[in-house]
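The values are calculated or read from the model by the stated rules, or taken from the named source; none is laboratory data. No experiment lies behind these values; they were computed from the predicted model shown. Cβ placement follows ideal geometry from the backbone for every residue including glycine, while neighbour counts extend to all protein chains displayed.
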Amino acid sequence: MADTAVPAATEPAGPAPRPPLRAFWDAFSENRGAVGGLAVVLLIVLLAIGADWVSPYSPTEQFRDAVRAVPMWVEGGSSRFVLGTDSLGRDMLTRLIHGARISLFIGLAVMCVSFVIGVGLGLACVALRGTWGTAVDVAITRVMDLIMAVPSLVLAILVVAVLGPSLTNTIVAVTIVYLPRYVRLVRASALAELERDYVTAARVSGVKPLRLMLSTVLPNCLSPLIVQAALGVSDAILEAAALGFLGLGAQAPTAEWGTMLADAREFIRSDPWLVTLPGLAILVTVVSINLAGDGLRDALDPKMRRS
C-alpha cells in the first residue's frame, strides 16, 4: 500500500496591510475632537465657496428700513433677516458667510506663501553649508531671529503702516510675521535628516546637492511641515482679524470678520449681537482648525498617537 503524503500545516496568513490613506484616517479618527473640527472646517469651506449661492443677499446691499434689526429669535425679529442687520442695514448672515471666504483666503494665502518661501530658505541654509554657505546660513537665521524677537502683532502693524492698509498688504504683513516658523522648522529637520544613512548612500551614489535636498531630504521633512501649515492657517486668520479690527486690514465695505468687529464695537452695549456674531465666527473657525491640526499631528507622528 503506497504511503499517502500528509499535507503540511499552513500557518494562517496575517492581516493584509492597510492602504496608507486608510491607516492615516484610522489614526486621525481616534481623536474625536479632530474629526468634529474637520467636519466644521469643511462646512465653513463649503459655505465660503458657495457664498454667492448660499447667502440670501449681497454683502453690500443695504436695507434702510431695517437698520440694526434684531436676530430672528429675539422679540421683534423676523425670518427676513435670520441674524439681523448691522448699523448700515446689511444682512449679518450674508456678511458672515462672505467673511468666511475672505478670512479663509487670507489664511490659505499666508500659509502657501510662507510654506514655499520658508522651505526654500530653510533648505538653502542647509544645502549651502561651507565657506560661503555658512555666511548665508548665519544671515538667514539671524534675520529670522530678528523677526521673531518682535511681537507678531506689532510687527504686522509696522509692515501695514509702511505699505498701507489693504487686503493684499495684510497678507504680506502676516506672511512676514509667520515666515520664521517654516524656515527654522525646515532647517532643523533637514539638519537631522542629513545625518541619516540613506542621505550618505545618496551622496556616495553621486546625487547632486539640489536633487539630494529636494527629492531625498525634503520628503522626509514634510510631516512636521504639514502640521505647522494646518495650524498656521488659524494663526493667520487671527492675525488678519486683529489687523482688521484696528482698521489696518481689509477695508470697508469688504465683509471681513475683523472689520465687522471694528464696525460694531460702538454698539456692544445696545446691540451686542453685532459684536458677538463675528467673534463667534472667528472663535469657531480657529478652534476647529486647531482641533483638526491636532488630529493631523497625531496621525503623522506615531509617538503622539493616543493609546
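Scan region 67-81 and tell me whether some residue there is assigned to a loop (DSSP other than H, G, I, E, B), at negative phi and under 30 Å from the mean Cα position of the chain (by Cα).
no
Whether any residue in region 88-109 is at pLDDT below 90, among the hydroxyl-bearing types (Ser, Thr, Tyr) and not in a loop (DSSP other than H, G, I, E, B) is what I want to check.
Among the residues of region 88-109, not one is at pLDDT below 90, among the hydroxyl-bearing types (Ser, Thr, Tyr) and not in a loop (DSSP other than H, G, I, E, B), which makes the answer no.
Taking region 271-289 as the region of interest, how many residues are in contact with a Ser or Thr (Cβ under 6 Å, 6 or more places away or on another chain) and within 14 Å of Ser87 (Cα to Cα)?
0
Could you tell me how many of the residues in region 31-47 are in contact with a helix residue (DSSP H, G or I) (Cβ under 8 Å, 6 or more places away or on another chain) and under 11 Å from Asp294 (Cα atoms)?
Adding up the residues that qualify gives 6.
Being within 20 Å of Leu104 (Cα to Cα), at pLDDT 85 or above and touching a Leu at 6+ places or on another chain (Cβ under 8 Å) narrows it down to one residue among Leu225, Leu238, Leu231, Leu261; which is it?
Of Leu225, Leu238, Leu231, Leu261, the one residue that is within 20 Å of Leu104 (Cα to Cα), at pLDDT 85 or above and touching a Leu at 6+ places or on another chain (Cβ under 8 Å) is Leu225.
Got a number for residues in region 77-105 being more than 13 Å from Leu277 (Cβ to Cβ), surrounded by fewer than 21 Cβ atoms within 10 Å (Cβ to Cβ) and among the hydrophobic types (A, V, I, L, M, F, W, C)?
2
Among Arg22, Arg18, which is at negative phi, at pLDDT below 75 and of a type in the set (D, E, K, R)?
Only one candidate qualifies: Arg18.
Would it be correct to say that Ala109 is in contact with a helix residue (DSSP H, G or I) (Cβ under 7 Å, 6 or more places away or on another chain) and either surrounded by 12 or more Cβ atoms within 10 Å (Cβ to Cβ) or small (Gly, Ala, Ser) (or both)?
Judged against the criteria, Ala109 is a match.
Any idea how many residues of region 160-201 are free of Cβ contacts under 8 Å to residues at least 12 places away in the same chain, among the hydroxyl-bearing types (Ser, Thr, Tyr) and closer than 17 Å to Phe105 by Cα?
Counting residues in region 160-201 that are free of Cβ contacts under 8 Å to residues at least 12 places away in the same chain, among the hydroxyl-bearing types (Ser, Thr, Tyr) and closer than 17 Å to Phe105 by Cα gives 1.
Any residue at all in region 120-130 that's more than 23 Å from Gly293 (Cβ to Cβ), at pLDDT below 85 and buried (at least 24 other Cβ atoms within 10 Å of the Cβ)?
Yes, the conditions are met somewhere in region 120-130.
If you check Val45 against the conditions, is it in a loop (DSSP other than H, G, I, E, B), surrounded by fewer than 16 Cβ atoms within 10 Å (Cβ to Cβ) and hydrophobic (A, V, I, L, M, F, W, C)?
no
What number of residues in region 243-262 are surrounded by fewer than 22 Cβ atoms within 10 Å (Cβ to Cβ), in contact with a Ser or Thr (Cβ under 9 Å, 6 or more places away or on another chain) and in a helix (DSSP H, G or I)?
Count: 1.
Could you check Ala230 against (1) surrounded by 14 or more Cβ atoms within 10 Å (Cβ to Cβ); (2) more than 30 Å from Ala34 (Cα to Cα) and say which number it fails?
The one condition Ala230 does not meet is (2).
Within the group Thr216, Thr200, which residue is more than 24 Å from Ala34 (Cα to Cα) and either in contact with a Gly (Cβ under 7 Å, 6 or more places away or on another chain) or crowded, with 17+ Cβ neighbours inside 10 Å (or both)?
Checking each option against the conditions leaves just Thr216.
Could you grab me the full set of residues in region 157-191 that are of a type in the set (Ser, Thr, Tyr), under 14 Å from Ala240 (Cα atoms) and crowded, with 19+ Cβ neighbours inside 10 Å?
Hits for region 157-191 are Thr170, Thr175, Tyr178.
Matching residues to (1) hydroxyl-bearing (Ser, Thr, Tyr); (2) without any contact (Cβ under 8 Å) to a residue 60 or more places away in the chain; (3) out of contact with any Cys (no Cβ under 8 Å at 6 or more places or on another chain); (4) surrounded by fewer than 19 Cβ atoms within 10 Å (Cβ to Cβ):
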position: Ser234; (1), (2), (3), (4): yes, no, yes, no
position: Arg265; (1), (2), (3), (4): no, yes, yes, yes
position: Pro278; (1), (2), (3), (4): no, no, yes, no
position: Ala292; (1), (2), (3), (4): no, no, yes, no
position: Gly295; (1), (2), (3), (4): no, no, yes, no
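Could you say whether any residue in region 205-228 is under 28 Å from Val82 (Cα atoms), of a type in the set (Lys, Arg), over 20 Å from the mean Cα position of the chain (by Cα) and outside any loop (DSSP other than H, G, I, E, B)?
No, that holds for no residue.
State the number of residues belonging to region 152-193 that are in a loop (DSSP other than H, G, I, E, B) and not small (Gly, Ala, Ser).
Of the residues in that region, 1 qualify.
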